[in-house]
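Working notes, structure below.
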Amino acid sequence: MSQCLDRHTSVLQRLWAPAGVAALAACGCWAVWMAEPTTPGGPIPTCPTKLLFGIDCPGCGSMRMLYALLHGDLPAAARFNALALLAVVFLLWAFGAWTYGRLIGRQVWSWQHHRWSASVTLILITLWVVIRNIPIGPFRLLHV
């Protein structure tokens, strides 16, 4: 009985960090939900890059994307920021692998552990900035 209790306590101790990250993420989602970033003139300020340079940065539309995602509107979420939507998927995957690894007591290999993951991420972000700021044709649809 004591050994079972020790194992149970050990699992709970290993899950404190993922629970803390999940709680912080939930607080962030709640703040975005309450701020309602799709309404102009709300409490969320304009992106400094857009304000100073007049271009969309890689994160422009991310809060509106999250707001739409929280409301179950996947097409609107993709419209606001498709790359951030893809990032949410990969972050959830990484969080799941990390949490599972903490649960079983060893590291679980996932996409972010590959040597190329940072380079690919940087290339995708750079391409996203360039493509969404091209002022012609179908690229205008990517402006937010």
Fewest-first sequence of ILE134, ILE55 by Cβ atoms within 10 Å of each Cβ: ILE134, ILE55
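Please report ASP56, ASP73 as a ranked list, fewest other C-beta atoms within 10 angstrom at the top and most at the bottom.
Placing the least packed residue first, the sequence is ASP73, ASP56.
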Kyte-Doolittle mean at least -1.0, axial Cα span of 24 Å or more - DSSP H helices of the chain: 16-35, 74-104
Among VAL129, TRP109, LEU70 - extreme Cα towards positive end, dipole of segment 58-144, charges at beta-carbon: TRP109
Relative contact order %, segment 2-142, counting alpha carbon pairs below 8 Å whose residues are six or more apart: 21 percent
Dipole in debye (nearest 20) - the chain, about Cα centre, beta carbon charges: Lys, Arg +1; Asp, Glu -1: 280 debye
Cβ crowding within 10 Å averaged over residues, with 91-102, 110-121 ranked highest first: 91-102, 110-121
Bins of 10 Å, starting at 0 and running to the largest distance - Cα pair percent for the chain: 10, 30, 31, 18, 8, 3, 1
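FYI, it's all coordinate maths here, none of it is from the lab. Worth saying up front: this structure is predicted, and the values here are computed from it rather than measured. Every residue, glycine among them, receives a Cβ derived from its backbone with ideal geometry; neighbour counts consider all protein chains shown.
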